[in-house]
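Data block below; observations after.
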Amino acid sequence: MKEFALIFRLADVNDFKPSPEQMQERMNWLKNIADQGKLANAGNSLLPFAGSAKTVRGRNLVTDGPFTEIKEFVVGYVIVKTDTIEEAVEMAKENPVFKLGGNVEVREILQRT
């Protein structure tokens with residue numbers, strides 16, 4: 001199986017005020033993936049960043065943010081195990097972040113052998 005990072009984003013960090021019911025819905029989503037044996041890492045999967053970010057490239061070059069074209073805030077991630085990216089996308093489609101106007105980026109994680 002491959003591993004995929006599901007990266008959750010919101011357009012405005014102020015939108016990140018989930019109700020207890022929304023948190024329970026998220027926990028149920030995670031439990032469903034775990035029950036299938038496909039949750040690789042949830043770690044500290046809620047990351048309410050303050051919004052500021054810098055990228056350090058070498059010793060002398062520091063730029064704003066990780067990517068200047070991304071105007072969204074990363075609010076969390078999980079790592080899932082699936083055979084294909086399409087299966088990981090299907091898992092992502094069930095996440096309740098969409099009810100908050102968010103989106104999910106799915107990225108395959110490089111496996112070193």
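The values are calculated or read from the model by the stated rules, or taken from the named source; none is laboratory data. No experiment lies behind these values; they were computed from the predicted model shown. When we count neighbours, we look across all protein chains shown, and the Cβ atoms used for this are built from the backbone with ideal geometry, even at glycine.
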Among what's in the stretch 1-18 and is acidic (Asp, Glu) and farther than 17 Å from Val106 by Cβ, pick the residue that is modelled with the lowest pLDDT. Asp15
I'd like the full set of residues that are crowded, with 18+ Cβ neighbours inside 10 Å and in a loop (DSSP other than H, G, I, E, B), limited to the stretch 78-104. Asn95, Gly102
Determine whether the stretch 68-80 contains at least one residue that is at pLDDT 80 or above and not β-branched (Val, Ile, Thr). yes
Within the stretch 53-66, can one find any residue that is surrounded by fewer than 17 Cβ atoms within 10 Å (Cβ to Cβ), hydroxyl-bearing (Ser, Thr, Tyr) and at pLDDT 75 or above? no
Of the residues that make up the stretch 19-40, is at least one surrounded by fewer than 12 Cβ atoms within 10 Å (Cβ to Cβ), out of contact with any Lys or Arg (no Cβ under 7 Å at 6 or more places or on another chain), at pLDDT below 75 and not charged (D, E, K, R)? no
